Amino acid sequence: MRPTVYAVVVTYNRRDLLAEALDALGRQTRPPDGVVVVDNASGDGTAALVRDRFPDVDLVELTENTGGAGGFAAGIARVLDTARVLATDRAGLLWLMDDDTIPEPGALAALLDARERAAAEPVLVASRVVWTDGRDHPMNTPRVKPGASRAERAAASAVGCRPIRSASFVSVLVDAAAVRERGLPVADYFLWNDDFEFTTRLLRGRSGLYCPASVVVHKTRTFGGTDADPGDRFYYEVRNKVWLFTRSRGLAPGERVLYAGSSVRRWVRTYVRSADRAVLRRGLRTGLADGLRRRPRPTTEVISAAMRRYDP
């Protein structure tokens, strides 16, 4: 049967880019069956734009900015709640993306094709993410699955893909049944590492694919990777990594050691290259303290506080 696909787009004060993204969704050779836009309390007229130009979009307006983490949690919850209310439970697949993600016309069709032809049905399939000049965007490169067997690599290669252990929220097709089983993104992450935690949790013990045939353009202001100087946002990188390594079910013990070591090496590179190391030192201190002293609030609490009443 043809799977039902809902696109979930999270936006904050980028109405022009959002309009471009929604136009691109409408030009898909295999368009999604529904689109949910989560507006993180934008102040630039985003909600009015969506209502006026895209009346078929299901618009979720939040009363405060919950970041990408809270936005995707709210959007996914909206899709799953709608499916239950309609008594169909047909929200089979969720196509997740940021408002600055512009999918090429065949992006969704390629993800679905790879998923359908795969020997073992994957829990998620991630797109190839490029920058505006066509280079692969280092910020959104899925992590190859460490220790993937020869058989896994061969099976993925047979459908033009590679096995992966995690992916970003910049165009990833996710099985809704896996989300129901393993939970929403952790909304209290706000930003950074929320997609890593969510996708590793979904993928633990399961199959995920990177599909280069599905291409999207990530229109960030600059071209750079995760070790670019984050300034004040370094706090979220540190706090969320502490939460990830101490509280998430996404990683096995050996993986925690592997990824923790990789994170520390990246932090060192970021610090060495930074023009304002005092900001990073402050982010490191407060991030470590907050990550160790408290745990993330329940996701339902975070999104319920920011959700306006709506009729499903």
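List of remarks:
- Residues located in region 5-40, provided they are over 14 Å from Ser171 (Cβ atoms), out of contact with any strand residue (DSSP E or B) (no Cβ under 6 Å at 6 or more places or on another chain), surrounded by 18 or more Cβ atoms within 10 Å (Cβ to Cβ) and touching a residue at least 40 places away in the same chain (Cβ under 8 Å): Tyr12
- Filter pass, Arg201 being in contact with a Lys or Arg (Cβ under 8 Å, 6 or more places away or on another chain), open to solvent by 30 Å² or more (accessible area, probe 1.4 Å) and at pLDDT 95 or above: no
- If you go through region 262-309 and keep only what is in a loop (DSSP other than H, G, I, E, B) and open to solvent by 80 Å² or more (accessible area, probe 1.4 Å), you end up with Ala275, Arg294, Arg295, Arg297, Arg308, Arg309.
- A count restricted to region 11-45 and to residues that are closer than 21 Å to Val217 by Cα and outside any strand (DSSP E or B) stands at 21.
- Those residues of region 41-58 which are within 13 Å of Asp99 (Cβ to Cβ), under 20 Å from the mean Cα position of the chain (by Cα) and surrounded by fewer than 20 Cβ atoms within 10 Å (Cβ to Cβ), in sequence order: Val57
- Of Pro253, Pro230, all but one fail to be surrounded by 17 or more Cβ atoms within 10 Å (Cβ to Cβ) and either within 20 Å of Phe169 (Cβ to Cβ) or modelled with pLDDT of 90 or more (or both); the exception is Pro230.
- Test: Asp194 is acidic (Asp, Glu) and more than 19 Å from the chain's Cα centre (by Cα): no
- Top-ranked residue of region 123-140 - restricted to ones that are touching a residue at least 40 places away in the same chain (Cβ under 8 Å) and in a loop (DSSP other than H, G, I, E, B), ranked as nearest to Leu203 (Cα to Cα): Val123
- Pairs where the first residue, in region 248-261, is assigned to a helix (DSSP H, G or I) and the second is open to solvent by 20 Å² or more (accessible area, probe 1.4 Å) and of a type in the set (A, V, I, L, M, F, W, C), C-beta under 8 Å, 6+ apart: Arg256/Phe245; Tyr259/Phe245; Ala260/Phe245
- Region 274-290, subset of a type in the set (Gly, Ala, Ser) and over 21 Å from Thr246 (Cβ atoms), residue modelled with the highest pLDDT: Ala278
- Set side by side, the residues Ser149, Ser127 differ, and just one is under 16 Å from Asp98 (Cα atoms) and open to solvent by less than 60 Å² (accessible area, probe 1.4 Å), which is Ser127.
- Cβ-Cβ under 9 Å pairs, at least 6 apart or on other chains, region 292-312 side farther than 15 Å from Val186 by Cβ, far side of a type in the set (S, T, N, Q) and modelled with pLDDT under 90: Pro312/Thr82
- Pick from region 79-104, criterion over 22 Å from Ala126 (Cβ atoms) and of a type outside the set (Gly, Ala, Ser), ranking: modelled with the highest pLDDT: Asp81
The values are calculated or read from the model by the stated rules, or taken from the named source; none is laboratory data. Not measured: the values here are computed from a predicted model. Note: ideal-geometry Cβ built from the backbone for every residue, glycine included; neighbour counts use all protein chains shown. SASA here: full protein model, heavy atoms, side chains in, ligands and nucleic acids out. Shrake-Rupley method; radii C 1.70, N 1.55, O 1.52, S 1.80 Å.
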